[in-house]
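Taken together, the values in this text are just the output of simple stated rules run on the coordinates, not laboratory data. These numbers were taken from a predicted model, which means no experiment stands behind them. Cβ atoms come from the backbone with ideal geometry, glycine included; neighbour counts cover every protein chain shown.
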Amino acid sequence: MSQASHRLLVAASGTGGHVFPALALAEQLSDYEIEWLGVPDRMETQLVGDRYPLHTLNVGGFQGGLGLGSLKVLGRLIGGIFQARKLLKQGKFQGVFTTGGYISGPTIVAARSLGLPVVLHESNAFPGKVTRWLSPFCSLVAIGFEEAAVHLPKAATAWVGTPVRSNFRSDAQGELGLGIPPGVPLIVVAGGSQGAIAVNDLVRQAAPAWLEAGAWIVHLTGQADPQRDSLRHPHYIALPFWDRMAPLLQRADLAISRAGAGTLTELAITGTPSILIPYPFAAEDHQTFNAAIFAASDAALVFQQRDLTPALLQDKVLQLLDPENGQLQTMALNTKALAVENSAEVLADAVKAMVEV
C-alpha cells in the first residue's frame, strides 16, 4: 500500500484549543488523504474551510443533572456513533485522530467497533471527561503536559506537547506592523479567542500607571467587550483580535492572559513571561491545572480572578517591568524551557506508527 492511499479521519470541533492542534497535525501529513469530522455551526466550519472535506455530527455534551435534555443528548450520541461508523466504513479510513470534546465520544466508539486505531491528543494538564472515560480504548493518548499522564492510568500515553501551525513559528520573527518603537516595554493582554471582559476591566484600571511608567500596551479585547474603546492613550492599542500572534508575543516583554493550553503553548514557543489568570468557569477548572505547571517552573505568576484587584495587578506589573528586578529575564528562560518545538512532527510520527501497520 502506498503512502498516498493512507486515509485519516480527523475529529476536532468546538474551540481553537481543539481545532488548531488538529490543523497543525494535518499540515504534517501532506501525503495523507484527510477528511474532517465536526459539529454544525462551530469554529471548524470556518477554520477548516475547503482544505479538507468536512462532515458533521449533531452531538453535544451533558449539562447539569439528568432530565429530558440529557435523554436527547444521549440519543444524539448514540445516533452519532452509527453515523460515524457509516462514514468510516464508506470512506475506507484506516485510522482516526481526535482532540477530545463532544465529537470524540461517538467517533472513538465507532472506530474501535471497526478495529481502527485511534490517536487522541489531550492538550490540558487535567484531561477532559471524554479523554478520561475513553482513553483506555484509544491506541495512544498524546499529551500536551507530562503531568496529564497521572490522570490516565489505564491509557497508553506519550508526551508530545501541543502542536502549533507551521505559520506561527515561521511568522515569529516577522514585522509586527503596529508602530511600536524598539526598546520600549511592551505588555500584551489576551483573553483567548473570545476575549475576557473581567480581565479587560482589571487591565484598564491598572493600565494608566503602566503607561505613565513608559510601557506600551497591546490589548486584545475580544469582540464582545462593550467598553473596549473606553481607554484612550497614544501608547495603548486596543484591538478586538490580532491574527499575527507570533511576532506580537515575540516582541512582548510580558503577557497577561488566560491559561488555555493553546495560549500557554504559544507563550512557551516565543519564550514570553506571563501573568496568568485562569478562566474560573473552565470545565473542571482545567486552566488552573495548566497555569500551575508554569507557576511551578517560575515561568509565570498566577492569580485567581477572584483574588486579583486592579491595585495588585498594577503593582505586580510595575515590579516586573523594573529594569533592576531581573525577574522577567528568568521567567522568559523558564518559559522557553517548557516548549516542545517539534510537537507537530512528533505527533505526526505517532499517528503514522499507528495507522501504517
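Would you list, by chain and number, the lysines whose Cα falls below 29 Å from the Cα of Lys336, excluding same-chain residues fewer than 8 positions away?
Lys316, Lys352
Among Val130, Val96, Val189, whose mean-square fluctuation peaks in a Gaussian network model of the chain (Cα, cutoff 10 Å)?
Residue with maximal mean-square fluctuation among Val130, Val96, Val189: Val130.
Where does the charge balance sit around Gln329 when Lys and Arg score +1, Asp and Glu -1, over other residues with C-beta under 15 Å from its C-beta?
Its environment carries a net charge of -3.
So between Gln327 and Val184, what do we pick up on full extension, going 0.36 nm a residue minus the alpha carbon distance?
This chain segment gains 49.8 nm when fully extended.
Between Gly38 and residues 5 or more places away or on another chain, which pairs have amide H atoms under 5 Å apart, with H built 1.01 Å from N, and which residues are they?
Amide H neighbours of Gly38: His55, Thr56, Leu57.
Sort Lys89, Lys316 so the one with the fewest other Cβ atoms within 10 Å of its own Cβ comes first.
Fewest to most other Cβ atoms nearby, the residues stand as Lys89, Lys316.
Each residue of the stretch 197-211 in order: what ³J(HN,Hα) in whole Hz does its phi give by Karplus 6.51 cos²θ - 1.76 cosθ + 1.60, θ = phi - 60°, with x for Gly and Pro?
My calculation for the stretch 197-211 gives 4, 4, 5, 4, 5, 4, 5, 5, 6, 8, 4, x, 5, 5, 5 Hz in order.
Can you tell me, using C-alpha contacts under 8 Å and at least 6 residues apart, the relative contact order of the stretch 169-337 as a whole percent?
Relative contact order here is 23 percent.
Less than 14 Å Cβ to Cβ from Thr15, Lys/Arg counted +1 and Asp/Glu -1: what total charge do the surrounding residues give?
For residues surrounding Thr15, the net value is -1.
Using a simple charge model, +1 on the beta-carbon of Lys and Arg, -1 on the beta-carbon of Asp and Glu, nothing else, what dipole does the stretch 169-337 show about its Cα centre, in debye to the nearest 20?
180 debye
Mind sorting Met331, Met43 by how few other Cβ atoms lie within 10 Å of their own Cβ, fewest first?
Met43, Met331
What does the charge add up to near Thr272, with Lys and Arg as +1, Asp and Glu as -1, over the other residues with Cβ less than 10 Å from its Cβ?
Here the charged neighbours net out to 0.
Given +1 on the Cβ of Lys and Arg, -1 on the Cβ of Asp and Glu, and no further charges, what dipole in debye does the chain carry about its Cα centre, rounded to the nearest 20?
Dipole of the chain, to the nearest 20 debye: 1340 debye.
List every residue whose amide H lies under 5 Å from the amide H of Ala125, counting only residues 5 or more places away in sequence or on a different chain, with H placed 1.01 Å from N in the peptide plane.
Asn290
How do Leu23, Leu264, Leu318 line up, fewest other C-beta atoms within 10 Å first?
Leu318, Leu23, Leu264
List the relative contact order of the stretch 242-343 as a percent without decimals, with contacts defined as Cα pairs under 8 Å and 6+ residues apart.
Worked out over the stretch 242-343, it gives 30 percent.
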